[in-house]
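Report on the structure given below.
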Amino acid sequence: MRYHLETFGCLMNTYDSEKLEGILAKSGMERADSPEDADVILLNTCSIREKAEAKVFSRLGRLAGLKKSGKVRLIALGGCMASLRKEEIFKRAPIVDVLFGPDSAAHLPQMLEDFRATGKRQVDVAIDEHTVWDGTEDLPDKRSGTVAASVGIMKGCDNHCTYCVVPSTRGPEVSRPAASILAEVRILVAAGYREVMLIGQNVNSYGKGLSPETGFPALLRMVEQVDGIGRIRFMTSHPKDMNDQLVEVMADSKKICPAIHLPLQAGADRILGMMNRNYTVDEYLGKVARLRKAIPEVAISTDIMAGFPTETESEFQRTLEIMEQVRFDSLYLFNYSPRPGTAAVEMEGMLLKEEAQSRFDRAHALHRRIVAEKLKSFVGSTQEVLCEQAKATDGGFARCTGRTPTNQLVIFKGDKGLVGKTLQVTIKDVLGYNLEGLLAGI
Ligand code: SAH
Ligand code: SF4
Ligand code: F3S
């Protein structure tokens, strides 16, 4: 049996897909690079916004032909959409045969087998509210990169931001024991990885319920001590839980990258309150100031949502003002999307589409200007770049890409041998949201 797996959504989903590939390989299945060559198609899906779901439905629409022709025998849909929508998926997409949630990966081979044996649809979308992967036996053995890899440190979320489906698609927050995380990091380093990204919905609250109790700063210190590790990143930090200890550990460390993703969402306290974010704009700005004081070069990225219900024009102006003030190094911008089962979907005061879009467009234009200015200031400097990829070109050299510690993508000429190396690259130009450089000394 050959499978083809497509992944939608966030880093957590990519990580889950890597684990899934390990599980499928162990059950004797082989990977097919295109859906045409597969017996089974798996979609690991995302529900975060309406558009994310629409993408999956449209993909299913295009896969329908393959299913009808009999080439593909089975379509399985997993991840957050399976968890949120459950059997409703079968109504909208009758070509789906198997539904598996974020916690059901281990059962997938059996479910595929049962479907083949009986022809009956299989569903397992139960959320395990207690256990988290606690060991290294079901670790990904197929990774999407060769230099940097994600390591899950917790699952679920306890925050209940009023707009967000994640607490219901992934269940309550459960932290993974430090020993198991460290074991995975060691395996990665032994396999040649140089960088790890520790991932969770709210890494700053890592450690709840663990014994011995371990907070996130303590976990970072342990990861940093793994022999051979080059760089450590993490994501996402909830501003309400980001504390001085974290800043201290980051400032002290040569390996923890000076970069933090700190989603602001909105620039007005009334909206943050309605979102149930549990911080004020002033508190947020105070944390940014502490980070910058202790780590002057720190890159701060954020998420901004435009058009939350009842947001007024002047409240949105506050968001733009905060953007001007903080000058984020990178920013993910979203239009508010009402999600089933969330508290916000019940709120009145939905903005007109045109108004929400106009806010999105203005925030986007402002961010482009700020980032262009910031990137320009890199030109002429020499940066430490960890080369992650090298693609051969017709010109006899490879087009290399890598990142600075502050997470800026740099493109430069080189060769395949540079992958995994930390290099000095002199920045020559700005290419959209990225930088272009030359290996120093060439
Ligand atoms: N746990 C992380 C990220 C969760 S999802 C955190 O708390 O930051 C990533 C981003 O998607 C969020 O930060 C938010 O900006 C956006 N998002 C989540 N739900 C959304 C919705 N219903 N509509 C629009 N954007 C949403
Ligand atoms: Fe969603 Fe908020 Fe949890 Fe992030 S912290 S996953 S936005 S509920
Ligand atoms: Fe990630 Fe989307 Fe689920 S953002 S946690 S895959 S809803």
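Hey, among the residues in segment 182-204 that are among the hydrophobic types (A, V, I, L, M, F, W, C) and more than 20 Å from the chain's Cα centre (by Cα), which one's farthest from ligand 1 (Cβ to nearest atom)? Don't jump to the end; show me each part of the working.
As a first pass, look at segment 182-204 and keep what is among the hydrophobic types (A, V, I, L, M, F, W, C): 182-183, 185, 187-191, 196-199, 203.
If we keep only those that are more than 20 Å from the chain's Cα centre (by Cα) as well, we get 182-183, 187, 189-191.
Numbers: Leu182: 23, Ala183: 25, Ile187: 26, Val189: 27, Ala190: 30, Ala191: 28 Å.
Applying the filter and picking the extreme gives Ala190.
Looking at (1) within 16 Å of ligand 1 (Cβ to nearest atom); (2) closer than 21 Å to Phe234 by Cα, find the lone condition where Arg327 falls short.
(1)
Among what's in segment 253-275 and is loosely packed, with under 15 Cβ neighbours inside 10 Å and touching a helix residue (DSSP H, G or I) at 6+ places or on another chain (Cβ under 9 Å), pick the residue that is farthest from Val226 (Cα to Cα).
Initial filter on segment 253-275 (loosely packed, with under 15 Cβ neighbours inside 10 Å): 254, 270, 273.
Now restrict to residues that are touching a helix residue (DSSP H, G or I) at 6+ places or on another chain (Cβ under 9 Å): 254, 270.
Numbers: Lys254: 13, Arg270: 44 Å.
Going through the qualifying residues, I end up with Arg270.
If you go through segment 1-12 one residue at a time, how many are surrounded by 20 or more Cβ atoms within 10 Å (Cβ to Cβ) and under 11 Å from the mean Cα position of the chain (by Cα)? Spell out the reasoning first.
Keep residues of segment 1-12 that are surrounded by 20 or more Cβ atoms within 10 Å (Cβ to Cβ), which gives 3-5, 7-9, 12.
Those still in the list that are under 11 Å from the mean Cα position of the chain (by Cα) too: 8-9, 12.
Total meeting the criteria: 3.
In the set Ser83, Ser47, which member is part of a helix (DSSP H, G or I), within 16 Å of ligand 2 (Cβ to nearest atom) and of a type in the set (S, T, N, Q)? Give the steps one after another, and end with the answer.
Values: Ser47 fails: part of a helix (DSSP H, G or I).
After applying the criteria, what remains is Ser83.
Identify the single condition in (1) without any contact (Cβ under 8 Å) to a residue 24 or more places away in the chain; (2) within 16 Å of ligand 1 (Cβ to nearest atom) that Ala179 does not satisfy, given that it satisfies every other one.
(2)
Determine the pairs where a residue that is under 23 Å from Phe308 (Cβ atoms), located within segment 251-275, has a partner that is of a type in the set (Gly, Ala, Ser) with Cβ atoms under 7 Å apart, the partner being 6 or more residues away or on another chain.
His261/Ser237; His261/Ser301; Leu262/Ser237; Leu272/Ala266; Met275/Ala266
Would you mind stating whether Ile127 is surrounded by 14 or more Cβ atoms within 10 Å (Cβ to Cβ), under 22 Å from the mean Cα position of the chain (by Cα) and farther than 30 Å from Glu388 by Cβ? Reasoning before the result, please.
Values: surrounded by 14 or more Cβ atoms within 10 Å (Cβ to Cβ): yes; under 22 Å from the mean Cα position of the chain (by Cα): yes; farther than 30 Å from Glu388 by Cβ: yes.
Yes; evaluated as a whole, the condition is true for this residue.
Does Asp124 satisfy the criteria of being among the acidic types (Asp, Glu) and within 16 Å of ligand 3 (Cβ to nearest atom)? It would help to see each step written out before you state the result.
Details: among the acidic types (Asp, Glu): yes; within 16 Å of ligand 3 (Cβ to nearest atom): no.
For Asp124, the condition - among the acidic types (Asp, Glu) and within 16 Å of ligand 3 (Cβ to nearest atom) - is not met.
Going through Lys55, Lys19 one at a time, which residue ends up being within 16 Å of ligand 3 (Cβ to nearest atom), touching a residue at least 12 places away in the same chain (Cβ under 8 Å) and within 18 Å of Val125 (Cβ to Cβ)? Working first, answer last.
Values: Lys55 fails: within 18 Å of Val125 (Cβ to Cβ).
Selected residue: Lys19, the only one of Lys55, Lys19 that is within 16 Å of ligand 3 (Cβ to nearest atom), touching a residue at least 12 places away in the same chain (Cβ under 8 Å) and within 18 Å of Val125 (Cβ to Cβ).
When you go through Ile89, Ile41 one by one, which is the residue that is of a type in the set (Val, Ile, Thr), within 16 Å of ligand 3 (Cβ to nearest atom) and modelled with pLDDT of 95 or more?
That would be Ile89, the only listed residue that is of a type in the set (Val, Ile, Thr), within 16 Å of ligand 3 (Cβ to nearest atom) and modelled with pLDDT of 95 or more.
Is it the case, given these coordinates, that Ser180 is within 14 Å of ligand 3 (Cβ to nearest atom) and among the hydroxyl-bearing types (Ser, Thr, Tyr)? Even if it seems obvious, please write down each step before you answer.
Values: within 14 Å of ligand 3 (Cβ to nearest atom): no; among the hydroxyl-bearing types (Ser, Thr, Tyr): yes.
In short, no.
Looking at (1) in contact with a Lys or Arg (Cβ under 8 Å, 6 or more places away or on another chain); (2) free of Cβ contacts under 8 Å to residues at least 40 places away in the same chain; (3) within 22 Å of Leu366 (Cα to Cα), find the lone condition where Val345 falls short.
Of (1) in contact with a Lys or Arg (Cβ under 8 Å, 6 or more places away or on another chain); (2) free of Cβ contacts under 8 Å to residues at least 40 places away in the same chain; (3) within 22 Å of Leu366 (Cα to Cα), only one is false for Val345: (3).
The values are calculated or read from the model by the stated rules, or taken from the named source; none is laboratory data. What you see is a predicted model; the values in this text were computed from it and never measured. Cβ coordinates were reconstructed from backbone atoms using ideal geometry, including for glycine residues, and neighbour counts include every protein chain displayed.
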